[in-house]
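The values are calculated or read from the model by the stated rules, or taken from the named source; none is laboratory data. Source: prediction; values computed, not measured. Virtual Cβ from ideal backbone geometry, glycine too; neighbours counted across all protein chains shown. For the accessible areas, the whole protein counts, side chains as well, though only heavy atoms, and no ligand, DNA or RNA atoms are used. Shrake-Rupley method; radii C 1.70, N 1.55, O 1.52, S 1.80 Å.
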Amino acid sequence: MYPASAFPSATNRAGGATGQTVGGRHGCYSPPMGTVRIEHVALWTDDLDRLASFYARYFDARIGDAYRNDAKGFESRFVEFHEAGARLELMRSTRLRPVVLASGAQRMGLTHLALTVGREADVDALTARLRSDGYEVLDGPRRTGDGYYESVVLDPDGNRLELSAAR
């Protein structure tokens, strides 16, 4: 929760207040919404098909239809992880030149995607399969200090993926 002072002029599109200050813990701001969930995470790529195929092949993701906006030099497609309903938007631009970092680089901001793949044996098997297919495994499988069983691998664009067992 955030203090109400963090939202001094919070209004909705119709001009009304978006939430209310509630009593209790430090007079926190309480936005009027249901359960919050991440709808999708977007990744820039130079090769939509390569990255979409990776997530389909190794994570059984469904590849959505391509979207193209020639006026903006933009194209994208979603990949959806069936049971979880989580999605990645894979995007490519002919106008923008997103900063390219070294493969697997640690940086401020979004630094990895964590994907639960089942049991510990599933983490082991998928990590071995990715390694065998030539993808870089940075760490693990191992048990972390905070109790996760995971490995860290890179996708074809060098994005860090934490593959973890369900907790």
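Some values worked out for this structure:
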{"read-out": "Unique match (being at negative phi and in a loop (DSSP other than H, G, I, E, B)) among PRO156, PRO141", "value": "PRO156"}
{"read-out": "Residues that are more than 18 Å from the chain's Cα centre (by Cα) and not aliphatic (A, V, I, L, M), drawn from region 50-70", "value": "ASP65, TYR67, ARG68, ASN69, ASP70"}
{"read-out": "Hey, GLU150 of a type in the set (Asp, Glu) and modelled with pLDDT of 95 or more or not", "value": "yes"}
{"read-out": "Residue within region 138-159 that is of a type in the set (A, V, I, L, M) and farther than 26 Å from HIS40 by Cβ present", "value": "no"}
{"read-out": "Filtered residues of region 61-73 (kept if within 17 Å of LEU96 (Cβ to Cβ), assigned to a strand (DSSP E or B) and either β-branched (Val, Ile, Thr) or open to solvent by less than 50 Å² (accessible area, probe 1.4 Å) (or both))", "value": "ASN69"}
{"read-out": "Filter pass, ARG50 being under 17 Å from ASN159 (Cα atoms), in a helix (DSSP H, G or I) and open to solvent by 60 Å² or more (accessible area, probe 1.4 Å)", "value": "yes"}
{"read-out": "Matching residues, region 103-133, being open to solvent by 80 Å² or more (accessible area, probe 1.4 Å) and among the β-branched types (Val, Ile, Thr)", "value": "THR116"}
{"read-out": "Every pair of residues 6+ apart whose Cβ atoms lie under 9 Å, when the first sits in region 89-102 and is open to solvent by 100 Å² or more (accessible area, probe 1.4 Å) while the second is not aromatic (Phe, Trp, Tyr)", "value": "ARG95/LYS72; ARG95/GLY73; VAL100/ASP46; VAL100/GLY158"}
{"read-out": "Every pair of residues 6+ apart whose Cβ atoms lie under 7 Å, when the first sits in region 118-143 and is hydroxyl-bearing (Ser, Thr, Tyr) while the second is part of a strand (DSSP E or B) and surrounded by 13 or more Cβ atoms within 10 Å (Cβ to Cβ)", "value": "THR127/VAL137; THR127/GLY140; THR127/PRO141; THR127/SER151; THR127/VAL153; THR127/LEU163; TYR135/VAL153; TYR135/LEU154"}
